[in-house]
Structure formats: structure tokens, C-alpha cells
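**Student:** Following this message is one structure expressed as C-alpha cells.
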Amino acid sequence: MSGDTAREVVGEYQYGFHDPENATIRFDKGLSEQVVRDISELKNEPEWMTEVRIKAYRRFIEMPMPTWGNCDMLNQIDFDAVTYFLRSSKGTENNWDDVPDDIKNTFERLGIPEAEQKWLGGVTAQYESEAVYHSIREDLEEQGVLFLDMDSGLREYPEIVKKYFATVVPASDNKFSALNTAVWSGGSFIYVPKGVHVAMPVQAYFRINAKNMGQFERTLIIADEGSSINYVEGCTAPTYSTESLHSAVVELVAMDGAKIRYSTVQNWSANVYNLVTKRGIAYANATIEWVDGNIGSKLTMKYPSVLLKGEGSHAEVISVAYAGKGQHQDAGAKVHHLAPNTTSNILSKSISKNGGRSSYRGMLQVTPKAHGCRSKVVCDALLLDSDSQSDTYPTMEIGNSSADLEHEASVSKVSNDQLFYLMSRGHSEAEAMGLIVNGFFEPFTRELPMEYAVELNRLLELEMEGAIG
Amino acid sequence: MMQYPKIAIPPRSEHLWRYTPWKRIHPTKVEEMPNADHILFSSGEDSAMDDSDEIARSFIHSISSVCKLVALDDELQELDLRCSGHICAGEINVKSQGNSTLIVRISGDAGWTGIRLSGEVKGTLSVAVVNDLSGEGHLLRCEDWAVGRDSTLEFATLSAGGFLNKSDIRVNLTQTGSELRGGIASNGHNSRHDDHHIEITHKSKHTYSSLVMHAACDDSSHSVGTGLLTICEGAGGSDAGQVFRNLLLSEKARAEAIPELEVLADDVKAAHGAASAPVDVNQIHYLTSRGLSREEASALIVEGFLMDAFRHVKNQDVVATLRTRLLVHLECLISG
């Protein structure tokens, strides 16, 4: 199918360009135990990791599809039509000039090297299954901060990886975490030593280029006692008429007094299934923050979660979702208060337009031993036309009488008064709508690094074009 | 032909059956169809009801030998449902017009009670349902209400009796101008398990609903409040709100709230909220400093909290009945 026809199917998309595939290794489509073994062998992994992968593959085969979210869309996934491993370059380069030209061009079009020079502490660029470029500022390296792609992390620091891998998100958690554990490739590995504060954000950029590609990155971030880190990730893919699958697993471990902020701006093209499991464990007085923006993809099912395991720990989840034509953004947050005096805040905002569907699915649990917990959940949704849908599925399970929890949600359309006010000041209706939408998402964008916030606003403006009339 | 044996047992992943699965509320083994005594109704004419493809409704229909019609025309009627025996069941058809009031009291010492109610509302109907069953009884209650054009259903329920209760209440706002004002108060004590599932469906434009559920949970009781508020396509101009609040009075008490919202139309207002909190120690201190015992102070706070669930109910007969029953119930708990 030609690019134009594909665009007709999935709509206009800023990052919908693609480059010719220059794969050095490409597996045949489909998944089997042999494919899993081959991936592990190709990467020269230790035996224990091969065993973990094989066990996870068997779990994946046994486990049923989730019965919630969008079952119709989930059942359309043809696991045999997916390519599970594709290597595009000979290895991970530390020098931008050594990256193959076609891949370099892609990331330059996405603005990655420019951003790195200006405001990043480190960057990993993943193209298809593996990282193609990786760098970290020297001062951070000197402080003992480890920031590698996950494959290198396993190779160079196997003892740390073995200690934490799949402890936060076990393979048995759900069908897609089992799949990821079986075929994972790429992702980031970060270890921040005790008391080190990484002031500048570190970034990972994930790009799918090939058709019917499956990207299964695995990210593990460990912030040791009293340390802090701000991790930002962005995702894009070309516009094809056939579907791709992105099924990542992210595990965060915040030791006593540590702080991890994990920000995502997901802008996959509208033919990507984005089925991601993200979870963090916060020990005493630690903080985990998920800042999660979902703009693209066909179906997103993603519920960043935090296990508040240590007394005084805190979780913060801010998520926004934009569901356009043919899109279902099933996003939310899960916070489990397992220890006393833990606190959490969840803010979810969504917009549905042109028949899109956005859902908030959340879980707030307070266990019997978790005294003095406080939590607040706010969900706001805007519906921009009568063809769209917005749902809220919150769950609150309270097992301790001292818990103080609040949940509130509202769904509405854009107020005519607000539109009228802005138009009376000279804005066109489309501009007024864009301003209102940007304002609606402002609690999210203000938490992002400035460049990301500007980019997000621009993306939203593009998405909002034609929203009126 | 009975539907029940053909209906698949619902999985716990279904919202409705998550906390009180069908296996738990069924009086015997799920594949069995036990013999049941019939509920004694204080009034009503003999009537009949169709079977259903929903498992709980079909089960009650299959074991019931009595169905009563309660027709209301601009009047107040009290209906006592006396439940006794090992297992008992019954069905009620309610047809209302004009400005009517129906006060239903469910009492008795039956081991297991199944009640299925189907109601049609034209005009305004205010309903009070009081669950006053003895402390060991199990109750399965299924209600389906259809509210007609420019009609209002005021629905208030006080759930204080029984050991294991599951209520599945569905209200369809079928035509323009139909309205629901609902209030549910649940008082949990000992090991009581009280599960309310409320589905409100806005099927037509300019329909209105407000629902408040308050649950006070003491001892090792467990309250579950699940709601599904759906605004269908074409139901523009609708306004819907749901609030679930839990007051936790003891370390071992548990409460679950899942107020779900599905909106398929724009130009609507839909909001829901849920909150759980312990008793304010300042309120207890204030009341005890005025001479009340700790139990009395707590009961007074619980009374105020539970009665607040009926804040949208305008019919004072209904509110007064519920207040009286609640006070008696709280008094009994204090005096043991």
C-alpha cells in the first residue's frame, strides 16, 4: 500500500515519514520458543536471562487476553504477523557521527541531537529493537551514574540487573508483561548512586521504522538512597496501513528518600498498539512521579502504577490523553498504599474528538496496615463532538479506617461562554478552541521540560485543526 | 422454558460480580434450583413477570411462586414484605402515576431472600426501601425502573439488616425530561457485607440524575458501592451526578467504591465523586464534651452522615420514615 493510501487509512501524522529498511538482522515474523532463544543467543546473554525469557514465553502462551480495556481491538492483534527482532545498526554508538546516516537523518528530523546539546544530561536513541546511539554527560559519569541501554546494562552490570529485573513487574503480571519479558530488547538501564542528584533530565527516544514491527523495550531505573533523577521518553513511528506493536515494561525502584520522575510523551502513529506496563516501588520517604502524555497510537492501555511500600512515600501521577478518529486511549493510574502515612495525587485529563474514545481506569488501594494515608484523584474529560466517548472506571479499595481518600470526575463539552469570550477578543473559533485545550492540559505541560511542553502544545494544535465546523 | 440453567456463570472480572460473586450470593450450589417459600406481601394483586436473561433476575423468577402488582395513583402506600423460611423469594410489579409514595419494608428471619422488582413511573414516585432483615439473613435484590416522559423517581433506601446483601438496581431514564433523585444509606456492623450496584442509563436527551450513596462501616463490616452511569448517544443536554462516600469507623472495616462513567454524547454534564475518611475526632470530642458517651456521639455522627444521603429526596414522608428506622436501628446497636 502506498504512503498516501496509508495516510488515508490512519490519518495525517507529523512523524509519519519512514526510511528504507536497512536491517542487518531481521527475524521472520511470528513468535516461538526458538525465536526467544535466538534473541537471547544473539545478544550473548547469561543463561539465567535465557531461562527467564523462556519461562515468560510459556506464561505468555498460557495467559488469556485481558478482558477489559478494548477487547475488540486487542483481539485484532495478530501475534504471528509481528517481527520480534530487527537490528538496524552494528552496535550502540557513543559518537553521533558514527550512527548510520539513514538513522541519523531520522533522529535529526526529530530534533534529538539538538535537544541533547541544549538541555539533556544523557540520551539513548532506540531504533527498532536496539539502541543505536547512547551518550551521557561526563560529570554524571564521574559521579557514578550509570545510564546505558538495557542490553549493555545486562552485559556490564549483570549483578544489579539480576537483582532487580522483573521484581517490580513480574512476567506473570499480565499477558503483555510476559511477552515483553520473553522478547525484550533495548530500553534504558539507570542506576543513580546514593545522594546523587541528576539535575538535567536524561532522555530516551523510541522510534519504530519498519512495518509490522514489535518494539519491546525494557527499562529499569534504580535511584539509590537520597538520590534523584528525571527521565523523559518520546515515541514516534511511521504511518503504515498495517499495525505495529509496542509493548514495553518499565520498572522503577526508589530507595529511601529517593525521587524519580518519569515523563512520557507518546506520539505513536495511529496504527500502533501501545500496551505498556509501568510500575514503581517507593521505599520510605521516596517519591515516584509519572508524567504521562498519550497523543498517538491506535489503542493505548497504560496504567502507570506505584507501590508505596515505605512509610512516608509519595506517588504523583499526571496523565493526559487525546483520542482522535479511530483511537482508544485507555489510560489511568494505580496506587497501592502498603505502608503508613503514604500519600498520592492522581490527575487525569482527556479529550475525545472525531469519534475517539478516552477512558480513565484507576485503582486506589489502601491495605489494612497502611494507617494515615491520604489520596486525591481528579479526572476531567472534554468531549468535542457527539461521536466521541469518554469513560471513567475508578476503583477504590479501602482496608484501613484512617485513610482519607477523594475521587472526583467530570465530563463536559467546551463551554460556549469561554469560546465566546475568546472570540470577542479577536480569536477565530479554531484558535479559541486551541487555547482552551492547551489551558485544559496546562497542569500536565507545566510539569514537562520546556522543550517538550512547547512540542506538546504544537502537537495538540495540529491535532485540533479542523476540530471546529 | 426456564432461562437460568442456560445462563453462563458470570466471571468475577465483571464489574457487577467483582466483590460478591454469583457463587457467594446463590443460596445453595449454583447449578441447583432450590425450593423456596414465598414472601408474604401486605398488599398487592396477583400478577406475573417475564423471565430475564440476567442471571440473578432469572434465578429469582425461577424460584418465585408469587408476583404482586402494586398500582399507585396519586397515593401513599406502605408495603411490608415478610420473609421467612430457609429460602424465600417473590416478585413485585410497580406501576405508578400521579404524585405517589411507596414505602417498602423488608423484614423477617429468612435464611436467604430473593426479591425482584420492576417499576414503571409516570408522574412522580417517591420510594423508600428499608432492609430490616434479621442479622443472619442473606438478601439478593434486583430492581429495574423505567422512568417516563417528564417523570421523576425519588429513590431512597436504607440498608441496615441482613448479614450478606447484594442489590442490583437499574434505572432507565427513557424519555425526555425523566429524572432520578437517589439516595442510599448503608450501615455496616459486625461482619455485615453490603454490596450495592447501581446502573443509571440516560437514554434520551434532557434527562437528569443524581445519586448519593453513603456507607458507614463499623467492626469488620464490608461495604461495596459500584455504579455505572451511562449517557447514551443522542442523550444530549443530560445532567448526571454520582457521589459515593464511606465513613470508616473501625480498623477492620473495609469499603470499596467504583463509580464508573460512560459518556457517549456531548453537550452533557456528568460528574462523579468518591471519598473515604475516618470519623473526625474533633466531632467526637465536641459531642463527648457535651455529655454524650463515645458510642452515642459516634451514633449521632453516623445518623447525620447516613441521613445526608437523602439530601436530594424532597418527599418528607419518605425521609421521616427512613430517619425513624435508622434511629431505631442505631438505638438497638447501642443498647446491644
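**Student:** If B:L16 satisfies every condition in (1) within 25 Å of B:H86 (Cβ to Cβ); (2) assigned to a helix (DSSP H, G or I) but one, which is the exception?
**Tutor:** Result: B:L16 passes all but (1).
**Student:** Can you confirm whether the range B:185-194 contains a residue that is within 24 Å of B:N93 (Cβ to Cβ) and either touching a Ser or Thr at 6+ places or on another chain (Cβ under 7 Å) or surrounded by 21 or more Cβ atoms within 10 Å (Cβ to Cβ) (or both)?
**Tutor:** No, there is no match, as no residue in the range B:185-194 is within 24 Å of B:N93 (Cβ to Cβ) and either touching a Ser or Thr at 6+ places or on another chain (Cβ under 7 Å) or surrounded by 21 or more Cβ atoms within 10 Å (Cβ to Cβ) (or both).
**Student:** Taking B:L333, is it modelled with pLDDT of 90 or more and not polar (S, T, N, Q)?
**Tutor:** no
**Student:** Next question, about the same structure. Among the listed residues A:K118, A:K55, A:K90, which satisfies the condition of being at pLDDT below 75 and in a helix (DSSP H, G or I)?
**Tutor:** A:K118
**Student:** Ok, one more. Could you list, in sequence order, the residues of the range B:131-147 that are acidic (D, E) and in a strand (DSSP E or B)?
**Tutor:** Selection gives B:D132, B:E143, B:D144.
**Student:** Based on this model, can you work out whether B:L330 counts as more than 30 Å from A:G355 (Cα to Cα), buried (at least 21 other Cβ atoms within 10 Å of the Cβ), of a type in the set (A, V, I, L, M) and more than 14 Å from chain A (Cβ to nearest Cβ)?
**Tutor:** The answer is yes for B:L330.
**Student:** Given the criteria acidic (D, E) and under 23 Å from A:N174 (Cα atoms), does A:D387 qualify?
**Tutor:** Answer is no for this residue.
**Student:** Could you give every pair whose Cβ atoms fall below 9 Å, whose first residue belongs to the range A:287-306 and is closer than 17 Å to A:N230 by Cα, and whose second residue is part of a loop (DSSP other than H, G, I, E, B) and among the charged types (D, E, K, R), counting only separations of at least 6 or pairs across chains?
**Tutor:** A:E289/A:E447; A:V291/A:E447
Rundown of residues vs (1) closer than 25 Å to A:L245 by Cβ; (2) at pLDDT 90 or above, yes/no style:
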position: A:Y127; (1), (2): yes, no
position: A:G144; (1), (2): no, yes
position: A:G153; (1), (2): yes, yes
position: A:P158; (1), (2): no, yes
position: A:K162; (1), (2): no, yes
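**Student:** Right, something else. Can you find a residue in the range A:383-403 that is touching a strand residue (DSSP E or B) at 6+ places or on another chain (Cβ under 6 Å), aliphatic (A, V, I, L, M) and surrounded by fewer than 23 Cβ atoms within 10 Å (Cβ to Cβ)?
**Tutor:** No - not one qualifying residue is present in the range A:383-403.
**Student:** Same structure, new question: Where in the range A:337-449 are there helices (runs of 4 or more DSSP H), lying wholly inside it, with at least 2 residues that are touching a residue at least 40 places away in the same chain (Cβ under 8 Å) and more than 7 Å from chain B (Cβ to nearest Cβ)?
**Tutor:** A:429-440, A:442-445
**Student:** Residue under question is B:S298, and the condition is that it be among the small types (G, A, S) and either at pLDDT 90 or above or closer than 22 Å to A:V377 by Cα (or both); does it hold?
**Tutor:** Here the answer is yes, as B:S298 does meet what is asked.
**Student:** A follow-up question, please. Looking at the range B:238-268, which of the residues that are more than 22 Å from B:A309 (Cβ to Cβ) and not acidic (D, E) is farthest from the other protein chains (Cβ to nearest Cβ)?
**Tutor:** Looking at the filtered set, the residue picked out is B:S238.
**Student:** Which one of B:A235, B:A320, B:A299, B:A271 is buried (at least 20 other Cβ atoms within 10 Å of the Cβ), more than 9 Å from chain A (Cβ to nearest Cβ) and either more than 29 Å from B:V104 (Cβ to Cβ) or without any contact (Cβ under 8 Å) to a residue 12 or more places away in the chain (or both)?
**Tutor:** Exactly one of B:A235, B:A320, B:A299, B:A271 is buried (at least 20 other Cβ atoms within 10 Å of the Cβ), more than 9 Å from chain A (Cβ to nearest Cβ) and either more than 29 Å from B:V104 (Cβ to Cβ) or without any contact (Cβ under 8 Å) to a residue 12 or more places away in the chain (or both), namely B:A235.
**Student:** When the residues of the range B:10-61 are filtered to those that are of a type in the set (D, E, K, R) and under 20 Å from the mean Cα position of the chain (by Cα), which remaining residue is farthest from the other protein chains (Cβ to nearest Cβ)?
**Tutor:** Looking at the filtered set, the residue picked out is B:R57.
**Student:** In the range B:47-61, what residues are surrounded by 18 or more Cβ atoms within 10 Å (Cβ to Cβ) and among the hydroxyl-bearing types (S, T, Y)?
**Tutor:** Scanning the range B:47-61 gives B:S52, B:S58.
**Student:** Just give me the residues in the range B:84-95 being over 12 Å from B:I63 (Cβ atoms), in a strand (DSSP E or B) and over 17 Å from the mean Cα position of the chain (by Cα), in sequence order.
**Tutor:** B:K95
**Student:** Continuing with this model, one more query. If a residue has to be touching a strand residue (DSSP E or B) at 6+ places or on another chain (Cβ under 8 Å), of a type in the set (D, E, K, R) and touching a residue at least 60 places away in the same chain (Cβ under 8 Å) to count, how many in the range A:26-84 make the cut?
**Tutor:** Count: 2.
**Student:** Considering each residue of the range B:303-317, count those that are touching a Leu at 6+ places or on another chain (Cβ under 8 Å) and buried (at least 22 other Cβ atoms within 10 Å of the Cβ), and give that number.
**Tutor:** Residues flagged as touching a Leu at 6+ places or on another chain (Cβ under 8 Å) and buried (at least 22 other Cβ atoms within 10 Å of the Cβ) within the range B:303-317 amount to 2.
**Student:** Can B:L287 be described as more than 20 Å from A:A403 (Cα to Cα) and touching a residue at least 40 places away in the same chain (Cβ under 8 Å)?
**Tutor:** In short, no.
**Student:** With respect to A:E316, is the statement that it is assigned to a loop (DSSP other than H, G, I, E, B) and away from chain B (no Cβ under 14 Å) true?
**Tutor:** So A:E316 fails the test.
**Student:** Moving to a separate point now. With touching a residue at least 60 places away in the same chain (Cβ under 8 Å) and farther than 26 Å from A:E289 by Cβ as the only criterion, which of A:P158, A:P201 stands out?
**Tutor:** After applying the criteria, what remains is A:P158.
**Student:** Condition first: crowded, with 21+ Cβ neighbours inside 10 Å and closer than 17 Å to A:A403 by Cβ. Now tell me which residues in the range A:339-364 satisfy that.
**Tutor:** If the condition is that a residue be crowded, with 21+ Cβ neighbours inside 10 Å and closer than 17 Å to A:A403 by Cβ, then A:A339, A:T342, A:S344, A:I346, A:G362, A:L364 are the ones that fit.
The values are calculated or read from the model by the stated rules, or taken from the named source; none is laboratory data. Every value quoted in this text rests on a predicted model; they were computed, and no experiment measured them. So basically every Cβ, Gly included, is an ideal-geometry build from the backbone, and we count neighbours across all protein chains shown.
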